[in-house]
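Structure record follows, encoded as structure tokens.
The values are calculated or read from the model by the stated rules, or taken from the named source; none is laboratory data. Here the structure is a predicted model, which means the values were calculated and not measured. Don't worry about glycine lacking a Cβ; one is built from the backbone with ideal geometry, like all the others, and counts go over all protein chains shown.
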2 protein chains.
Amino acid sequence: MAGPGNVLAVDVGGTKLAAGLVGPDGRLVTSVQVPTKPSEAGRGEELWATLAELLVDLCGGNSPVAVGIGCGGPMRWPEGAVSPLNLPAWRDFPLRARIRDLFDGVPVRLVNDAIAMAIAEHWRGAGVGSRAFLGVVVSTGVGGGLVLDGRVLTGGSGNAGHIGHAVVDPDGPPCGCGGRGCLEAIARGPALVEWALAHGWRGPPGADGRALRAAATAGDPVARAAFERAGSALGVAIATAAHLLELDTVAVGGGLSSAGELLLDPARRTFAAHVRMGFASRCAIVPAVLGVDAGLIGAAALVIRPDQYWAAEGAD
Amino acid sequence: MAGPGNVLAVDVGGTKLAAGLVGPDGRLVTSVQVPTKPSEAGRGEELWATLAELLVDLCGGNSPVAVGIGCGGPMRWPEGAVSPLNLPAWRDFPLRARIRDLFDGVPVRLVNDAIAMAIAEHWRGAGVGSRAFLGVVVSTGVGGGLVLDGRVLTGGSGNAGHIGHAVVDPDGPPCGCGGRGCLEAIARGPALVEWALAHGWRGPPGADGRALRAAATAGDPVARAAFERAGSALGVAIATAAHLLELDTVAVGGGLSSAGELLLDPARRTFAAHVRMGFASRCAIVPAVLGVDAGLIGAAALVIRPDQYWAAEGAD
């Protein structure tokens with residue numbers, strides 16, 4: 001039920017649409033999700049109908065008091081017209097405006113899903129009390145979000161925190177962004193799998209990050225080297241960010257982070273080799289703790305804790 | 001004269017002590033400076049006596065309404081106990097407290113000199129109107145400062161903005177910080193000279209960055225390559241910072257930046273090769289414009305525009 005004080009949270013990803021009701025304290029009261037079938041360009045209205053039905057059902061036919069949304073980028077922000085890389089059905093789709101219309105003009109706010117994760121971890125997870133916090137999502141892509149001096153840094157167009165395109169090896173592999181040597185080009189799940197296969201790993205057909213993790217856990221040296229390489233790249237990127245922002249806490253989440261120490265141990269070792277001055281070396285690299293709920297909790301924070309977590313001026 | 005509304009600004013560097021009176025609009029009314037003779041450990045009180053005399057004379061025997069200070073790091077901040085790398089006479093010297101005592105307890109504020117430069121350029125220079133600004137100082141060391149969403153980011157201990165330790169080449173040369181491949185290890189003036197000499201440049205005895213710049217301007221290929229290498233490293237560091245912070249403007253100052261396009265052209269080319277997404281690629285890399293006055297103007301901003309440029313809470 002959309003009880004008094006609960007807000008509606010929405011998390012739009014490449015593989016699922018999730019929605020939940022979140023209490024004023026950030027507790028996820030209930031949530032539902034549906035898979036996003038492989039969606040095609042031109043099928044945007046079908047996808048919208050699916051989401052709208054999910055949201056109306058969850059709210060029991062009532063309007064929520066407010067809605068927060070996390071969505072894959074890129075997007076126009078704060079307008080909230082979205083073009084999620086992994087959802088070709090939506091290109092410049094006016095998601096924020098559609099949800100506002102669906103619920104009679106209640107406040108609706110939207111951010112990049114990696115920023116939503118960082119907000120959630122800062123509010124209710126591994127970053128509580130952090131003065132300079134970076135949340136990193138390592139998954140099909142690599143993204144991130146920043147909360148500095150108690151305020152989210154969203155940037156002028158909603159893309160700040162994008163550590164996936166920190167340059168960790170200027171002569172490194174080409175990146176999907178058009179650049180080269182970005183963290184994402186090395187540490188995104190598919191890049192690890194590709195690297196491992198090219199270096200002699202014999203994964204099962206259609207092997208993914210999960211299979212690679214299993215192989216690494218079982219001791220396969222190439223699979224372990226793939227995580228070592230990705231973790232080391234992560235450590236370089238965090239080293240630069242820590243010097244630049246005096247970070248005290250970095251929380252690493254996303255699907256690939258379920259590999260745990262396979263990824264975090266080389267990240268910490270590389271970080272320590274590059275960061276020797278106390279103001280940056282004290283930064284802790286820790287696992288994110290909210291898991292798949294982070295997207296919904298962070299989205300809810302946009303409307304429950306706007307002083308800290310909603311940065312667009314004059315837009316409601 | 002310490003006219004009404006003018007504040008006293010102080011800039012403590014490795015080669016000179018400078019002080020000035022700055023009007024409420026950020027205009028430098030008058031300034032004086034004395035060289036810091038090669039100072040030795042244990043001679044801290046002599047250096048202090050020199051500075052105190054300079055300040056009292058400049059104020060005509062009156063107390064200023066407030067004092068802002070930029071000083072080389074490291075330091076304890078916001079306490080303002082300083083240990084400038086290039087001033088061995090001062091180690092944990094209580095500069096902020098001493099100046100407060102000198103002027104009967106008027107407000108005294110102090111930041112790292114690279115942050116002072118960034119503040120000055122944002123307030124009155126190349127960064128006016130920037131929403132996400134990085135000022136970089138390329139000199140004997142490489143430092144920087146950030147002004148994001150209209151507020152300086154000083155960090156918990158006064159070291160934020162330190163782009164000199166962005167890791168631009170994980171396997172690069174060792175850095176004075178104890179790490180490896182930092183921007184500073186490649187782009188600080190002495191590193192360029194050392195690299196050029198090691199690659200066959202025949203500089204004059206005691207050759208410095210100035211001599212190297214002259215050689216590069218005259219077409220010496222090794223000297224030009226030294227600037228190309230440093231500028232490229234600068235471009236990599238700025239690429240990462242632009243992605244992370246959605247920077248719109250980066251201003252490059254400091255002694256080595258007098259090389260102008262010798263440094264900025266490779267920085268822009270490398271930046272463009274690594275930054276392809278619009279939210280970051282629109283960032284402009286420009287020369288700083290305030291020159292040697294930046295330190296004083298930025299220091300004055302700490303007390304004239306504290307809402308934007310003074311970040312320590314509860315400390316005055």
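Can you tell me which condition A:Ala52 does not meet? The list is (1) in a helix (DSSP H, G or I); (2) surrounded by 19 or more Cβ atoms within 10 Å (Cβ to Cβ), and all the others hold.
Failed condition: (2).
Here are some residues: B:Val152, B:Val108, B:Val147. Which one is under 24 Å from B:Gly231 (Cα atoms), crowded, with 24+ Cβ neighbours inside 10 Å and not small (Gly, Ala, Ser)?
Exactly one of B:Val152, B:Val108, B:Val147 is under 24 Å from B:Gly231 (Cα atoms), crowded, with 24+ Cβ neighbours inside 10 Å and not small (Gly, Ala, Ser), namely B:Val147.
Out of the stretch B:237-259, which residues are under 28 Å from A:Asn159 (Cβ atoms) and in contact with a Ser or Thr (Cβ under 6 Å, 6 or more places away or on another chain)?
B:Thr240, B:Asp248, B:Thr249
Which ones in the stretch A:57-80 are in a strand (DSSP E or B) and buried (at least 19 other Cβ atoms within 10 Å of the Cβ)?
Matches in the stretch A:57-80: A:Val67, A:Gly68, A:Ile69, A:Gly70, A:Cys71, A:Met75.
Considering only residues that are part of a loop (DSSP other than H, G, I, E, B), within 14 Å of another protein chain (Cβ to nearest Cβ) and buried (at least 22 other Cβ atoms within 10 Å of the Cβ), which ones fall in the stretch B:176-209?
Across the stretch B:176-209, the qualifying residues are B:Gly179, B:Gly181.
Taking B:Arg282 as the residue in question, decide whether it is away from every other protein chain (no Cβ under 12 Å) and farther than 24 Å from B:Cys175 by Cβ.
no
Output the qualifying pairs, or none if there are none: Cβ atoms under 8 angstrom, residues six or more apart or on different chains, first residue in the stretch A:184-202 and within 19 Å of A:Val136 (Cβ to Cβ), second residue of a type in the set (Lys, Arg) and assigned to a loop (DSSP other than H, G, I, E, B).
Final answer for the pair search is none.
Listed residues A:Gly158, A:Gly135; which is touching a residue at least 24 places away in the same chain (Cβ under 8 Å), under 30 Å from A:Cys59 (Cβ atoms), within 14 Å of chain B (Cβ to nearest Cβ) and not in a strand (DSSP E or B)?
After ruling out the rest, the residue left standing is A:Gly158.
Across the stretch B:235-262, which residue is nearest to the other protein chains (Cβ to nearest Cβ) among those that are outside any helix (DSSP H, G or I) and acidic (Asp, Glu)?
B:Glu246
Give the residues of the stretch B:97-140 that are under 19 Å from B:Leu244 (Cβ atoms) and of a type in the set (Lys, Arg), sorted by residue number.
Residue satisfying the conditions is B:Arg131 alone.
Away from every other protein chain (no Cβ under 14 Å), among the aliphatic types (A, V, I, L, M) and within 22 Å of the chain's Cα centre (by Cα): is that true of B:Ala294 in this structure?
yes
For the stretch A:255-300, name all the residues that are within 17 Å of A:Asn112 (Cβ to Cβ), among the small types (Gly, Ala, Ser) and crowded, with 24+ Cβ neighbours inside 10 Å.
Those that are within 17 Å of A:Asn112 (Cβ to Cβ), among the small types (Gly, Ala, Ser) and crowded, with 24+ Cβ neighbours inside 10 Å: A:Ala294, A:Gly295, A:Gly298, A:Ala299, A:Ala300.
Across the stretch B:51-86, what is the number of residues that are hydroxyl-bearing (Ser, Thr, Tyr) and at pLDDT 95 or above?
Result for the stretch B:51-86: 0.
So in the stretch B:140-155, with the set limited to residues that are assigned to a loop (DSSP other than H, G, I, E, B) and within 24 Å of B:Pro78 (Cβ to Cβ), which one is nearest to the other protein chains (Cβ to nearest Cβ)?
B:Gly155
Return the residues of the stretch A:292-303 that are under 13 Å from A:Asp11 (Cα atoms) and not charged (D, E, K, R); say none if nothing qualifies.
Of everything in the stretch A:292-303, those that are under 13 Å from A:Asp11 (Cα atoms) and not charged (D, E, K, R) turn out to be A:Val292, A:Ala294, A:Gly295, A:Leu296, A:Ile297, A:Gly298, A:Ala299, A:Ala300, A:Ala301, A:Leu302.
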